[in-house]
Amino acid sequence: MDNESEIPDPDSQFALMDRMYRHQRFFYDLTRKYYLLGRDRLIAEMKIEPGDRVLELGCGTARNLIVLAKKHPESHFYGLDASAEMLRTAQKKIDAAGLSNITLRTALADEFSFDGTFGLDDRFDNCFFSYAVSIIPPWRESIRNAIENLKPEGKLHIVDFFDQNDLPAWFRTLLQGWLEKFHVRYPEELIPFLETMRDEGSIEFRVDPLYRRYALIVEVTKAQIQ
């Protein structure tokens, strides 16, 4: 992981994320496992071949990357996050696991590039967001950028909160009110946005609701020719 020599703007997205996760990073994984549902299903369903390059956008403490890197030792995994604080914890966990096939960078999901950020000579085979779209303000730009950094016919996966419409109204109201306190919100425009991209001819996609629409998994396939 690269260390930044310049002090970030205190109002920048990087500084905001560092303030949010400076302390949370120490207990993040312990608390999130009870309500970030569907992550392990996504990991199990991702089709990864030896030699593939796989990127997680908003990788946090690298929990998902470590699972994947152990499962697919002949592939290489990359993670980016706006919080350098989270990536400090991530790197310690990666080192403790003895893994050499994970590379981390501090970057924004809507601004990174496979070559400029990671120094790669080709795009990624797979990218994924795990409960990150719902906390990224420029989520549309981030999704478009992720797809731009995929190879033709590459896959973008999203697991995140859904609309909870099949859950009891009282529980839905309580859950969504609690999430709002942490600036977490399912973007209701997500599926219409993907439909627009599909109509443009740039992608195909499918949506799998989980747990009475508590969460969803989206698989996006980049068009072969654009």
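The values are calculated or read from the model by the stated rules, or taken from the named source; none is laboratory data. Computed from a prediction, not measured in an experiment: that's the story for all the values here. Side chains are part of the model used for accessible areas, which takes the heavy atoms of the whole protein and leaves out ligands, DNA and RNA. Shrake-Rupley method; radii C 1.70, N 1.55, O 1.52, S 1.80 Å.
Would you work out the relative contact order for segment 24-182, in percent, from Cα pairs under 8 angstrom that are 6 or more residues apart?
Answer for segment 24-182 is 21 percent.
Specify the inter-centroid distance of segment 95-149 and segment 154-226, based on alpha-carbon positions, in whole Å.
19
Could you run the Karplus curve 6.51 cos²θ - 1.76 cosθ + 1.60 with θ = phi - 60° over segment 213-220 and give me ³J(HN,Hα) per residue in whole Hz, x for Gly and Pro?
Running phi through 6.51 cos²θ - 1.76 cosθ + 1.60 with θ = phi - 60° gives 6, 4, 9, 8, 10, 10, 10, 10 Hz.
Using all C-alpha to C-alpha distances in segment 41-111, build P(r) with 10 Å bins and read off the rounded percent in each one.
Bin by bin from 0 Å, the calculated values are 22, 55, 24, 0.
Determine the per residue accessible area of segment 46-150 with all protein chains present and a 1.4 angstrom probe, expressed in square angstrom.
On a per-residue basis, segment 46-150 sits at 38 Å².
So what is the relative contact order for segment 88-226, in percent, with contacts set as C-alpha pairs under 8 Å and at least six apart?
24 percent.
Share of segment 93-226's accessible area from carbon and sulfur, percent, 1.4 Å?
Here it works out to 49 percent.
Under 5 Å between amide hydrogens, which residues at least 5 positions from residue 102 or on another chain qualify, with H placed 1.01 Å from N in the peptide plane?
Under 5 Å from the amide H of residue 102 lie the amide H atoms of 77, each far enough along the sequence or on another chain.
What residues qualify as long-range amide H neighbours of residue 215, i.e. H under 5 Å apart, gap of 5 or more or another chain, H built at 1.01 Å from N?
162, 210
Could you tell me which of the pairs 93/155; 47/155; 47/71; 93/181 are separated by over 19 angstrom between their Cα atoms in the structure shown?
Long pairs (Cα-Cα over 19 Å): 93/155; 93/181.
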